[in-house]
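Scroll down for the structure; my scribbles are underneath it.
The values are calculated or read from the model by the stated rules, or taken from the named source; none is laboratory data. These numbers were taken from a predicted model, which means no experiment stands behind them. Note: ideal-geometry Cβ built from the backbone for every residue, glycine included; neighbour counts use all protein chains shown. Heavy atoms of the whole protein, side chains included, go into the accessibility calculation; ligands, DNA and RNA do not. Shrake-Rupley method; radii C 1.70, N 1.55, O 1.52, S 1.80 Å.
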Amino acid sequence: MTFTKLTRRSAEAADWTPAVDIAETGDRFVLTADLLGVSPEDIEISLEDSVLTLAGRRTDVEAEGRRRHYAERRNGRFLRRFTLPATIDGDRIEARSAYGTLEITVPKRAEVQPRRIEVAAA
């Protein structure tokens, strides 16, 4: 199983890169992205040819009359692409956003999940 990192092509189209963790359980992969300040309406997730794309935009909401002196949080477009293994069930991918964290659940196809085979007595 391989997950690709941000590609050169992706970096050219992005103003910033969200941090992403990837975990695996027996029946799914879970991608967790830090997207503090990004509204769910500003997030785009797509799957094409085994490539999961996470894109969107964080806009700078400056209070009127306030002048910024220092900024570490990046604004603008973000883009991440991950090549998923052939064992995933793309039709059942789900995404949830809460408290600045996006969680994408990528289930594995049932036929590729490990299972225990009972041995019958003769």
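In table form, for the structure just shown:
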read-out: Cα gyration tensor shape of the stretch 29-122, rounded if a/c is under 1.5, else prolate or oblate by comparing a/b with b/c; value: prolate
read-out: Net lengthening on full extension, Arg73/Glu118 (0.36 nm per residue, minus Cα-Cα); value: 10.8 nm
read-out: Nonlocal amide H pairs with Phe29, under 5 Å, H built at 1.01 Å; value: Val106, Lys108
read-out: 1.4 Å probe accessible area per residue over the stretch 15-67, in Å²; value: 64 Å²
read-out: R0 of 22 Å, Cβ-Cβ distance Ile22-Asp89: FRET efficiency to nearest 0.05; value: 0.85
read-out: Carbon/sulfur fraction of accessible area - the chain, other protein chains in place, 1.4 Å, %; value: 46 percent
read-out: The chain - percent relative contact order, Cα under 8 Å, separation 6 or more; value: 33 percent
read-out: Label-point gap, in nm, between Tyr99 and Thr53 - each point 7 angstrom along Cα→Cβ; value: 3.2 nm
